[in-house]
There are 2 protein chains.
Amino acid sequence: MKRVSLKDIARIAGVSPSTVSFVLNGKAKQMRISETLASKIMEVAKKEGYHPNPVAVSLRTGKSQILGLIVESISGNFFASLSRIIEEEAARFGYKVVYTSTENNRQKGKELIGMLSQRQVDGYIITPTPGMEQDIKELIDDNKPVVLMDSYFPGIDVPHVLVNNYEGVKKGMGHLIEKGYRRIGFVTVDLNLVQMEQRLQAYHDCMEQEALSTDNLVLTLKYEEEKELGIQQVTSFIQNTPDLEAVFFATNYLGLLGLESIHRLGLKLPDDLAMICFDDHDVFRLYPPGITCIRQPAEDIAKTALELLMDQLGKGSTNGETKIQISPGLVVRGTTEYVQKVNK
Amino acid sequence: MKRVSLKDIARIAGVSPSTVSFVLNGKAKQMRISETLASKIMEVAKKEGYHPNPVAVSLRTGKSQILGLIVESISGNFFASLSRIIEEEAARFGYKVVYTSTENNRQKGKELIGMLSQRQVDGYIITPTPGMEQDIKELIDDNKPVVLMDSYFPGIDVPHVLVNNYEGVKKGMGHLIEKGYRRIGFVTVDLNLVQMEQRLQAYHDCMEQEALSTDNLVLTLKYEEEKELGIQQVTSFIQNTPDLEAVFFATNYLGLLGLESIHRLGLKLPDDLAMICFDDHDVFRLYPPGITCIRQPAEDIAKTALELLMDQLGKGSTNGETKIQISPGLVVRGTTEYVQKVNK
DNA sequence: TCTGTTGGCTAAAACGATATAGTAATTATT
DNA sequence: AATAATTACTATATCGTTTTAGCCAACAGA
């Protein structure tokens, strides 16, 4: 059951290791190895069940055929499906994917560094968190192929793909307003990331456009906070905001907190309160009456991210564009379907 | 920004690479390198920011310090938390973890082989699916360290850790019966795995013990089936089973199907039907009135699995036992709390 | 003085591949 | 006929480590 090495099959075929290497790497004619010998070598290799040792290849070539995927959280089905698609796509290009998540070990950016510093990967797909800016800068200074997903840093020039956050919120707000809601609250988090800013900005713009006040209608939670504390803050926000008709949650995590809060307050969706959330979640589909949300097209994002990375790795279909925003979809469910509100 | 190699720091320190290697691997006194030289080398290494190239180490030693984790599905929070804990624990022993899931590429067992065949990992933690038996046999014949998680093959002698499925169902059934439910259905899947058999067996035993019939009360879905088809089957099962009072779902995936079915039938939990599920899920906690379930102690399972693996890798706290079953917990939520039923 | 031991290090061969620079034999060019 | 060019391969260095076997002093024993 011993692994056969290239040397082994060279010995068996009665040729030199170099020859075997050339043949097996498809450089047979380029190195003008005769057809007969080439096919003989192929045969031997197949018969002996030869598989190159990727570690040796990696050491020699400096390439690992591995991509590093750094997500915020492996659980959460947005990232889960992202990962799955990326894995599939990467496989088509002959790459494997290794995952790390920043949420797990709370050192966030630092865990990333650990991963980065071993430099074995050929490219990075990263969903950035605030602490990472410096590390990412280092990566690109180092000429490592990097693609940012789901967010980006305005200060650094690096390829990225994310959903059009502004458009997403605008769609959601348009829907709420069309349904007759006017007193619309917005719950967000103090994450210093562009996508969060864009979402909030879109909210403000939409409200302003309708000449609606946003005073005391925005709740900003702290990122590093306990879940329970978040729930309490949302609860009191809902409770203490007069005439609140609808709440827009800026992330699905916030939406889940909101669900707990609403549950505790004994409010009925959407009769007592309408809700909409940026980003979908299993729970939103199942939790009656279904939570209306802005859905990020995971498949598009993942595929695009991989394309951008492959471009950098020289396997690209280079269409040139490196900063891509993808249109999100509005998924209307029960929490915005209270008919009475329309006529109010 | 170039990587510094061991050779570099040897040159800088004015010694041979061997000496550096010895010092850096803590073999200084064993190889009787003088204290002064040793500390000088350490200093240089630190100053130059030396990190050994894991690829080279791996090639030379044949060890990668990487563990392969093969789960059924990366999404699903049972596996998500398993992975997280395993990653943490592995780090304490100096191992990294790479994930693969069998669900993603539907070739299941075959995807595994791809992973296995590259043999770069030092050990395997696997949640087995039916097709894998042969592959796992090969692994252990090959003397690779393997631990099975969440299930095992009675035919092969390999360390494993899983929840005590029999006990789990028994707990759940005991709870239902205590609450007064008698017409209890059981929804399972035709997966040919011990844990599924044990769950079903426990159900039958419990019913028999109470002298209750199980005729037409068991629904077995096909594993490879479309989700929608599953929902339809569960729906018609619930609809066509007279006097059905409660349903025990054998996995959380089935429970989710059940939830959809119940939702579509417009039944109210637990008034119209009680439900309990093996294995917890985010949705079960949030979906009103909360789904009662049997919870697998993910942390215990993960830690134990890693211990078993470390035993095989010679870093063990070897207590000898290699086949471990862990007691599950009963999490009572709203779906089994319909007070009227008790007095029925 | 010669041999034996020990201390303190280094040379060099792996690990399994790839890629550059040859080499020997044949064929083409002038 | 002598040189150049081509064909069909091979020798060898290299990637960055680890590890076995040695080497050279210095010192001890006889």
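Please build a GNM for chain A, connecting alpha carbons under 10 Å apart, and tell me which residue among A:Leu244, A:Leu308, A:Leu148 fluctuates the most.
The residue with the greatest mean-square fluctuation here is A:Leu244.
Enter the accessible area of A:Asp141 (Å², nearest 10), with the probe set to 1.4 Å and all protein chains included.
The value for A:Asp141 is about 110 Å².
What are the lysines whose alpha-carbon lies under 17 Å from the alpha-carbon of B:Lys179, with same-chain residues fewer than 8 places away excluded?
B:Lys170, B:Lys171, B:Lys341, B:Lys344
Net charge near B:Ser39: determine it from the other residues with C-beta under 14 Å of the C-beta of B:Ser39, scoring Lys and Arg +1 and Asp and Glu -1.
Summing Lys/Arg as +1 and Asp/Glu as -1 gives +2.
Calculate, in whole percent, how much of the Cα-Cα pair population of segment B:6-52 lies beyond 15 Å.
In whole percent, the long-distance tail amounts to 28.
With the solvent-accessible surface defined on protein heavy atoms using a 1.4 Å probe, which residues belonging to segment A:33-61 display a reduction of at least 30 Å² in accessible area in the multichain context relative to the isolated chain?
At a threshold of 30 Å² (probe 1.4 Å), the residues of segment A:33-61 that become less exposed are A:Pro54, A:Val55, A:Leu59.
Over the heavy atoms of B:Glu72, what accessible area does a 1.4 Å probe trace out, to the nearest 10 Å²?
In the full protein context, B:Glu72 sits at about 50 Å².
Contact order normalised by length for segment B:6-52, with contacts defined as Cα pairs under 8 Å and 6 or more residues apart; what percent is it?
42
Could you compute the net charge surrounding A:Tyr99? Neighbours are other residues with a C-beta less than 10 Å from the C-beta of A:Tyr99; K and R count +1, D and E count -1.
-2
Averaged per residue, what accessible area in Å² does the protein assembly as shown show with a 1.4 Å probe, protein chains only?
Accessible surface, normalised per residue, equals 46 Å².
Taking a label point 7 Å from Cα toward Cβ, how far is B:Gln201 from its twins in the other copies, in nm, shortest first?
Values, ascending and in nm: 6.3.
For chain B, what does the relative contact order come out to in percent, with C-alpha contacts under 8 Å and a separation of six or more?
Worked out over chain B, it gives 17 percent.
Can you give the accessible area of B:Tyr99 in Å² (nearest 10), computed on protein heavy atoms with a 1.4 Å probe?
20
Can you give me the orientation-averaged projected area of the convex hull built on the Cα atoms of segment B:138-181, in nm²?
Answer in nm², one decimal: 3.7.
Taking all pairs of distinct Cα atoms, average 1/r, flip it, and tell me the Kirkwood hydrodynamic radius of segment A:236-332 in Å to one decimal place.
Kirkwood hydrodynamic radius for segment A:236-332: 15.5 Å.
Just to be sure I follow the rule: in segment A:6-52, considering lysines 8 or more places apart or on different chains, how many pairs have Cα atoms under 19 Å apart?
Counting lysine pairs in segment A:6-52 gives 7.
Between B:Asn143 and B:Glu178, how many nm apart are label points set 7 Å from Cα along the C-beta direction?
5.1
List the lysines whose Cα sits under 16 Å from the Cα of A:Lys323, skipping any in the same chain fewer than 8 residues away.
A:Lys303
Given charges of +1 on the Cβ of Lys and Arg and -1 on the Cβ of Asp and Glu, with all other atoms neutral, how large is the dipole of segment B:6-52 about its Cα centre, in debye to the nearest 20?
Dipole magnitude for segment B:6-52 comes out near 100 debye.
How large is the helix-only mean residue ellipticity at 222 nm for chain B, computed as the sum of -39500 (n - 2.57) over DSSP H runs with n ≥ 4, divided by its residue count, in deg cm²/dmol to the nearest 500?
Rounded to the nearest 500, it is -13500 deg cm²/dmol.
Would you mind pulling out the separation of the Cα centroids of segment A:18-44 and segment A:162-192, in Å?
61
Work out, in µm²/s and without decimals, the Stokes-Einstein translational diffusion coefficient of the protein assembly as shown at 37 °C, 0.692 mPa s, Rh from Kirkwood over C-alpha pairs.
Rounded, D is 116 µm²/s.
Could you give the radius of gyration (one decimal) and Dmax (whole number) of the Cα atoms in chain A, in Å?
Rg, Dmax (Cα atoms, Å): 26.0, 88.
Where the label is 7 Å out from Cα toward Cβ, how close does A:Ala91 come to the same position in every other copy, in nm, shortest first?
Result for A:Ala91, in nm, nearest copy first: 2.8.
The values are calculated or read from the model by the stated rules, or taken from the named source; none is laboratory data. Remember, predicted model here, so these are calculated numbers, not experimental data. Counting neighbours? That spans all protein chains shown, and the Cβs are built from the backbone with ideal geometry, glycine included. Keep in mind that these areas ignore ligands, DNA and RNA; they rest on the heavy atoms of the full protein, side chains included. Shrake-Rupley method; radii C 1.70, N 1.55, O 1.52, S 1.80 Å.
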